[in-house]
Amino acid sequence: MRNLKKMYLWLALVVGSNQCLFAQNNSYSWQNLPKINRPVFKADTFSIINHGAVANGSTLNTKAINNAIAQCSAGGGGVVLIPDGYWLSGPIYLKNNVNLHLSNNAFLQFTADFNQYKIIEGNYEGKPSARNESPIMAVGLQNIAITGNGIIDGNGDAWRMVNRDQLTEREWKAKIASGGLVSTDNKVWFPSAKTKKAYLEKSSVLLSDNKKLSDFEPIKDYLRPNLVLISKCQQVLLEGVTFQNSPAWNLHPFMSQHLTVSNIRVKNPDYAQNGDGIDIESCSNVLLENSVFDVGDDAICIKSGKDEEGRKRNTPTENVIIRNNTVYAGHGGFVVGSEMSGGARNIFVSDCSFIGTDKGLRFKTTRGRGGVVEKIYIKNINMSNIVQEAIYFDMYYWTKPPLPNQKVEVPTVSVETPQFKDVEIENVVCNGASKGIFMRGLPEMAVKNISIKNTFLKANVGIELIDVEGIKVENTIVADSGSSANIYVENGRDILLSGLKFKTAPNISLDINGERSRSVVMENYGLPKSNVETKFNHGANKEALRY
């Protein structure tokens, strides 16, 4: 019996160790990236011309295009062809096994007649809301695609209001001459009375238990749709096409799996509010590559729902590869949040360029969100003329942060407390930014375990760390940061600053604040110790710093 027990114990140890090894071998890394399945289609082709479509830029082809899609899907799938020409349409609904293909000179524009779009139950910032139908919708489908080299235009200028200070004087006069309404202070242009009414009354678009879709009719025009909505779909391909001029977000994959986005171009005016490029929300196994974004809000954005709704959904965005993309205008190049309540993990970002973007790598959240963002790996990023911060983590999005070293009441950690942790960033070159690195956590939940190494940051201010823990900045060059290289720490713990070089500043200004600051280590910084100007304020003491 004793020998039998020993044998069982030995078997348990062997099985356990093998399971552990199996789990390790299947954990994602740069050498073991997530796998994404692409859709496959029959060769059968259905031209929209055969269903009565007319390419004159004024005939509404909604019925012809949807009929071609329905016939294609009913026959087992294939290609629905939009040939060269100027095609006008209302909302299009994709169906299973259909590849909507635009030829090289196909221009598909969606009508500015709002009556063609029904009010439906949609999603706004992760919460159920009333929206107009998206110009292109795919709901609960498998094996679908939008491909080709043509252009899909959402006619977004017909939907969006515009602030006067976002336009030149000539553009403002042209906007007024086009119709619409202007606010009494002459600062905002509205495309319609319904939009103006919703704006002035600060109308909510969220659905509640006592609201019906018909209740939103008085503000219908204000319910701007996303250009392409892909909801709860499997095996999706977006390839080659230009998506532009969306009423709101351009591309919104939502709770979908196995999404490939390749060689697309996404454009919105820089004044387009909510004019995001792509918002990947609660999706898994995603590849985004070789694409160009030039938009009015965040360019490449990871989301997973907002606050309680997102936590209830409990569907993270995970297993994502983002590579070889270029971002021009945009509030952020690669962005996580702020609606990240379902979490995000296993995301690999590499070989991207951000040129003239407001922020480079942007992580944002706030109290109330909850959710865990972790296991994010970023490398080989080029940035030029970044308006604000090159690398940015902030847990006070849309809320007022405390003043520097202000004493505040610290809430208890709960499911509403968000987390940013376990992020690795390497090989970043930024030629111009207001700040190189900015991190601001919460007193009750620090930004944790962030590694930044092998970077070159030409910035006005070097490094600012507030409520952080386990931060490593290694082999980093900070250039053109003024007469002294600024490093500001407030209530930071376990910080390693190793191999920092300051290209133009003769001195390092290291400012440590807060009684919770401890274990700040400076090493291999290439200057005599006498050239390091240290300050300890607001409860910080000299023991917090080690050389």
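The values are calculated or read from the model by the stated rules, or taken from the named source; none is laboratory data. A quick note: this is a predicted structure, and the numbers were derived from the prediction, not measured. Backbone-built Cβ (ideal geometry, glycine too); neighbour counts: all protein chains shown. Quick note on the areas: whole protein, heavy atoms, side chains included, nothing else; ligands and nucleic acids left out. Shrake-Rupley method; radii C 1.70, N 1.55, O 1.52, S 1.80 Å.
Observations on the structure shown:
- Subtracting the Cα-Cα distance of ARG170 and ASP351 from their residue separation scaled by 0.36 nm leaves 61.3 nm.
- Note on the chain: with charges restricted to the Cβ of Lys and Arg (+1) and Asp and Glu (-1), its dipole about the Cα centre is near 940 debye.
- Among the trypsin sites (Lys or Arg not before Pro) within the range 199-239, those in coil by DSSP and having at most 15 neighbouring Cβ atoms inside 10 Å are LYS202, LYS211, LYS212, LYS232.
- Label of the coordinate-derived value, log10 I(q)/I(0) by the Debye sum over Cα atoms at q = 0.07, 0.12, 0.13 Å⁻¹, listed as (i) -0.58, -1.17, -1.28; (ii) -0.62, -1.21, -1.30; (iii) -0.46, -1.16, -1.30: (iii)
- In this Cβ point-charge picture (+1 for Lys and Arg, -1 for Asp and Glu), the range 379-444 has a dipole of about 220 debye about its Cα centre.
- For the range 137-208 and the range 386-457, distance of Cα centres in Å: 33 Å
- Shape category assigned to the range 264-331 from the gyration tensor of Cα positions, a/c cut at 1.5: oblate
- The shape of the range 205-310 comes out oblate: with a ≥ b ≥ c from the C-alpha gyration tensor, a/c is at least 1.5 while a/b does not beat b/c.
- The range 457-530: trypsin sites (Lys or Arg not before Pro) in DSSP coil with no more than 13 other Cβ atoms inside 10 Å: LYS503
- Accessible-area composition of the chain, carbon plus sulfur, in percent [1.4 Å probe]: 49 percent
- Computed helical MRE - 222 nm, the chain, DSSP H runs ≥ 4 contributing -39500 (n - 2.57), nearest 500: -3500 deg cm²/dmol
- Taken about its Cα centre, the range 269-330 carries a charge dipole of roughly 280 debye when the Cβ of each Lys and Arg holds +1 and the Cβ of each Asp and Glu holds -1.
- Distant-in-sequence amide contacts of GLY122, defined by a placed amide H-H separation under 5 Å and a gap of 5 or more residues or a different chain, comprise SER129, ALA130, ARG131.
- Residue by residue, the range 301-314 carries 3J(HN,Hα) couplings of 10, 9, 9, 7, x, 10, 6, 4, 4, x, 5, 5, 4, 6 Hz when phi is fed to the Karplus relation 6.51 cos²θ - 1.76 cosθ + 1.60 (θ = phi - 60°); x denotes Gly or Pro.
- Residue by residue, the range 111-127 carries 3J(HN,Hα) couplings of 5, 8, 7, 4, 5, 7, 10, 7, 6, 10, 7, x, 9, 10, 6, x, 10 Hz when phi is fed to the Karplus relation 6.51 cos²θ - 1.76 cosθ + 1.60 (θ = phi - 60°); x denotes Gly or Pro.
- The Cα atoms of the range 148-254 give a gyration tensor whose axes a ≥ b ≥ c have a/c of 1.5 or more with a/b no greater than b/c, which makes the shape oblate.
- Summing +1 for each Lys or Arg and -1 for each Asp or Glu among the other residues whose beta-carbon sits under 15 angstrom from that of ILE278 gives -4.
- For the range 212-220, 3J(HN,Hα) computed residue by residue from phi via the Karplus equation (6.51, -1.76, 1.60; θ = phi - 60°) reads 9, 4, 5, 5, 8, 4, x, 10, 3 Hz, glycine and proline entered as x.
- Normalised contact order of the chain, rounded percent, pairs of Cα under 8 Å and 6 or more residues apart: 7 percent
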